[in-house]
Amino acid sequence: MNKKYKPTKNLLFLTLLSLLCATLNVIASIAAGETHFPLYMDSFATIAIAALGGLAPSIVVAILTNGSLFLLGRLKLIFMLCQLMTAVGSWAVFKLARKRDEEKLSLDFFMLAGILSACTNGFFGSLFAAYYHYNLTAIEQGIFFVTKNVIAANLTGGFLLNLVDKAIASFIAYGMYLFVRTSDRRLPAETPRLKIKPEYIYLMISFFVLCVSFAFKKNADDKFSRLYEKAVMDARHEEIQEIHAQERFINKGFDSVLYASFLLAAISGFIMHVKLSRQKNQIQIIKARDETQKEFSRDLHDGIIQSLSVLRICLSQNESGRALLIADEAVKEARELLGLSRLDLSFDFKTIVRQCAKVFEETYKIKPNVYEASEFADGFSYAAKYEMLKILQEALRNAAKHSGATEIEIRMIDTTDNFIFSVTDNGCGFADKTADEKMAGEESQNSATHAGLKIMEERAAALGGKLNVKSDQNGASVRLIIPIKK
């Protein structure tokens, strides 16, 4: 029955989402017009729905958006073709992305969709505006004042506005896409899927718009200065006021486009910063995986291989009882290693802890209780997650192998100044190394435990925190304390 109603549920969700996207487009377009914002702001949701729902919903949103603006008397119906170009072009870009095995669409493809939409809308939209003698915006009036050519004013102004408008629209659309896709707990892909860098195209667009707008503005200022001087010499006071009013209006248009280009440059810089951070995280992932492989090899050699060697000796000496115990221990170690090797550091730390607890339960038949009361745990880097995971593994192993614990608690808690990550058990604890052990160099469970604690303390220090260990006959507690930077 669930399978029967799933398509209906998805269709209802897409319908509501399409209506919402069309509404957002219309509201943003009206707000931009009422506040004299230089951009159109009527296509960001069309790009977003193309990524989320495909071709049909994006066409529906395009028709609803421009149809509503036409009924409200804010746009001619011919401009619906521009919205349809945005819908079809964006869908084609995202389809290409999925053919390249993009499980989760990256920002690069949204930026490419915006660039494609800017080119088509800038050309055809400007031609439509010139053919139907559509009202010129402030920036277009400024270009017309300089060139005295309405087609050149429409084409140049339309291109400038569309380049910035669609670039910002694609950035907003990516934010909407991520908001709807919150069910995916993985981080976005860290490796770039494209050889080109759309953020540099954004930056070049910003620089181009800035230079062209500044050049036209300077030219317009020179012409206004000549008109103003001529009107003053002829003592035409009413004409002077008209020239001042026209100059303020046109300069406001030029200035608003300049501000928009600065905003686009800031977005480009932000994207570059995010990608650089992701590259650093990618390096951390590679290092963490390399360390994990080394740890896996060491555990395999020191644990399972040695157990198998002892097992062979026991079998050769017909010590079946001891051989059975060693075989059980080797099976547990193998299960634990395989389970831990499947942990993915791209998940958030709370999810990693829960997965580690599940592996421990499957291996040792002890279910740890996990308590989460931390927001600080959501922001750990890959390197930090790796170090904390190794501390958790060592603490759980000590509890299972050496203390005879039947109950274990894992806690993640934020205090006023610190993040506390603790593992507590109800076992017998562990005793200090004796002087005899030190003198004889005898290997024992206690010496192995203390070596593990030493390594955990070093990992805690690498995280900028400290490790507190308490042990008595009622159990042991390992607490990692990391200061919260405010």
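Between M204 and L178, the simple spin-label model (points 7 angstrom out along Cα→Cβ) gives 2.6 nm. Placing dummy labels 7 Å off each Cα toward the beta-carbon, the span from E458 to L71 is 7.1 nm. For region 352-396, the per residue solvent-accessible surface stands at 42 Å², with DNA, RNA and ligands left out and a 1.4 Å probe.
Using a Debye calculation, one point per C-alpha and no hydration shell, please list log10 I(q)/I(0) for region 346-417 at q = 0.11, 0.21, 0.26, 0.28 Å⁻¹ in order. Treating every Cα as an identical point scatterer, log10 I(q)/I(0) equals -0.27, -0.93, -1.26, -1.37. Residues in region 58-98 average 46 Å² of solvent-accessible surface per residue, probe 1.4 Å, ligands and nucleic acids excluded. When its C-alpha radius of gyration is set against 2.2 N^0.38 Å (N residues), region 19-74 gives a value of 1.08. Projected area of region 30-176, taken from the Cα convex hull and averaged over every viewing direction, in nm²? Over all viewing directions, region 30-176 projects a mean Cα-hull area of 8.2 nm².
The values are calculated or read from the model by the stated rules, or taken from the named source; none is laboratory data. Quantities reported herein were computed from a predicted structural model and do not represent experimental measurements. No Cβ is skipped: glycine too gets one built from the backbone with ideal geometry, and neighbour counts run over all protein chains shown. These area figures cover heavy atoms from the full protein model, side chains too; ligands, DNA and RNA do not enter into them. Shrake-Rupley method; radii C 1.70, N 1.55, O 1.52, S 1.80 Å.
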